[in-house]
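Contents: one structure, followed by commentary.
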Amino acid sequence: LLAAVTLVACGSKKDAYESIKENKKLVVAVSPDYAPFEFKTLVDGKDQVVGSDIKLAQAIADELGVKLEVSSMSFDNVLTSLQTGKADLAIAGISATEERKEVFDFSIPYYENKISFLIRKTDLEKYKDLDSLASANIAAQKGTVPESMVKEQLPKAQLTSLTNMGEAVNELQSGKVDAVHMDEPVALSYATKNSDLAVATVSLTMKEGEENAVAIKKGNSDLKEVVDKVIQKLKDDGTYQTYLEKAAKLTEVEQ
């Protein structure tokens, strides 16, 4: 009897792919403070989460034939939400690091990223090499690769780790920090919207194989197969790049 109950319990346990199809809904965890990947803006008078990563999430939902539900949170909660089963996927400009791969599965890369420093435009000449940033006060988003890069490559710098990227940029504009380390498309987006900011010509070295990818809970091979298929198509026909370019234009008019 115990064996029979155990078999029934095991047999009734559904993986993420089956649950998504049954619920007809794909829940994706995002951190909407990282334009042009994902950010909030007004669309037809309504506050909505948009960006290239949101377009990617929609393409995956369409392939699965289900409705997309975007779950917004701070970046340091995105992977936790996936791990606890509150989200089916995490798409938030996440770098597939070796450390993260021990806990999560990842899709094939959908974007080969570059990390840059956002600085005040008046400091462009001041911060032209890594020596000039060696003892600077540098902000980065908590729990991100840009944060760990500063720790490893600029150990004497004063690191200010913040939960929200918008807060980090405000600290830069008010003079409380000297630079913000972030993905280059995000830095370019902030520089486009703020005439007092610029992207530094100097950058840290990024490890190979840490491109942006979709995070998936361990062992969900059927779901990973669908996600990989969608990403490969979007990369092959240039659609994801188009998503990124259109999102970048949206940030120019974002309030």
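The values are calculated or read from the model by the stated rules, or taken from the named source; none is laboratory data. Keep in mind it's a predicted model, so treat the numbers as computed, not measured. Methodologically, a virtual Cβ is constructed for each residue, glycine included, from the backbone with ideal geometry; neighbour enumeration extends over all protein chains shown. Accessible surface areas use protein heavy atoms only, side chains included; no ligands, DNA or RNA. Shrake-Rupley method; radii C 1.70, N 1.55, O 1.52, S 1.80 Å.
A search for C-beta distances below 7 Å between a residue of segment 180-195 that is charged (D, E, K, R) and any residue that is part of a helix (DSSP H, G or I), counting only pairs 6+ apart in sequence or on different chains, returns Lys193/Thr251; Lys193/Glu252. Being farther than 21 Å from Gly219 by Cβ and either at pLDDT 95 or above or in contact with a helix residue (DSSP H, G or I) (Cβ under 9 Å, 6 or more places away or on another chain) (or both) is a description that applies to Asp53. Please enumerate the residues belonging to segment 149-160 that are open to solvent by less than 40 Å² (accessible area, probe 1.4 Å) and within 22 Å of Gly93 (Cα to Cα). Passing the criteria: Met149, Val150, Thr160. Of all residues in segment 74-88, those that are of a type in the set (A, V, I, L, M) and either assigned to a loop (DSSP other than H, G, I, E, B) or modelled with pLDDT under 95 (or both) total 1.
Just to be sure, is Val214 open to solvent by less than 70 Å² (accessible area, probe 1.4 Å), modelled with pLDDT of 95 or more, out of contact with any strand residue (DSSP E or B) (no Cβ under 9 Å at 6 or more places or on another chain) and under 26 Å from Lys86 (Cα atoms)?
Numbers: open to solvent by less than 70 Å² (accessible area, probe 1.4 Å): yes; modelled with pLDDT of 95 or more: yes; out of contact with any strand residue (DSSP E or B) (no Cβ under 9 Å at 6 or more places or on another chain): no; under 26 Å from Lys86 (Cα atoms): yes.
For Val214, the condition - open to solvent by less than 70 Å² (accessible area, probe 1.4 Å), modelled with pLDDT of 95 or more, out of contact with any strand residue (DSSP E or B) (no Cβ under 9 Å at 6 or more places or on another chain) and under 26 Å from Lys86 (Cα atoms) - is not met.
Scanning for something open to solvent by 10 Å² or more (accessible area, probe 1.4 Å) and touching a Lys or Arg at 6+ places or on another chain (Cβ under 6 Å), does segment 87-101 turn up at least one residue? No, the conditions are met nowhere in segment 87-101. Inside segment 176-189, can you point out the residues that are more than 25 Å from Asp53 (Cβ to Cβ) and either under 20 Å from the mean Cα position of the chain (by Cα) or open to solvent by 10 Å² or more (accessible area, probe 1.4 Å) (or both)? Listed by number, the residues that qualify are Lys176, Asp178.
Of note, Leu223 does not satisfy the criterion of being open to solvent by less than 40 Å² (accessible area, probe 1.4 Å), under 30 Å from Tyr17 (Cβ atoms), at pLDDT below 95 and in contact with a strand residue (DSSP E or B) (Cβ under 9 Å, 6 or more places away or on another chain).
Taking every residue in segment 122-146 that is surrounded by fewer than 20 Cβ atoms within 10 Å (Cβ to Cβ) and pairing it with any residue that is part of a helix (DSSP H, G or I) and aromatic (Phe, Trp, Tyr), at least 6 positions away or on another chain, the pairs with Cβ-Cβ distances below 8 Å are Lys142/Phe75; Gly143/Phe75.
Filtering Thr251, Thr239, Thr192 for residues that are in contact with a Pro (Cβ under 9 Å, 6 or more places away or on another chain) and either of a type in the set (A, V, I, L, M, F, W, C) or under 21 Å from Ser52 (Cα atoms) (or both) leaves a single hit, Thr251.
Checking the structure you have, find out if any residue of segment 37-46 is farther than 19 Å from Glu167 by Cβ, among the small types (Gly, Ala, Ser) and modelled with pLDDT under 95. Break it down into steps so the answer makes sense when it comes.
Taking segment 37-46 and keeping what is farther than 19 Å from Glu167 by Cβ, we get 42-46.
So of that shortlist, the ones also among the small types (Gly, Ala, Ser) come out as 45.
If we keep only those that are modelled with pLDDT under 95 too, we end up with 45.
Yes: segment 37-46 contains one or more residues that are farther than 19 Å from Glu167 by Cβ, among the small types (Gly, Ala, Ser) and modelled with pLDDT under 95.
Can you give me the number of residues within segment 89-104 that are touching a residue at least 60 places away in the same chain (Cβ under 8 Å) and either in a loop (DSSP other than H, G, I, E, B) or in contact with a helix residue (DSSP H, G or I) (Cβ under 6 Å, 6 or more places away or on another chain) (or both)? Counting residues in segment 89-104 that are touching a residue at least 60 places away in the same chain (Cβ under 8 Å) and either in a loop (DSSP other than H, G, I, E, B) or in contact with a helix residue (DSSP H, G or I) (Cβ under 6 Å, 6 or more places away or on another chain) (or both) gives 9. Which of the residues that make up segment 17-73 are open to solvent by less than 30 Å² (accessible area, probe 1.4 Å) and in a helix (DSSP H, G or I)? Residues satisfying the conditions are Ile20, Ser52, Asp53, Ile54, Leu56, Ala57, Ala59, Ile60, Ala61, Leu64. When residues in segment 105-118 are screened for being more than 18 Å from His181 (Cβ to Cβ) and assigned to a strand (DSSP E or B), 2 of them pass.
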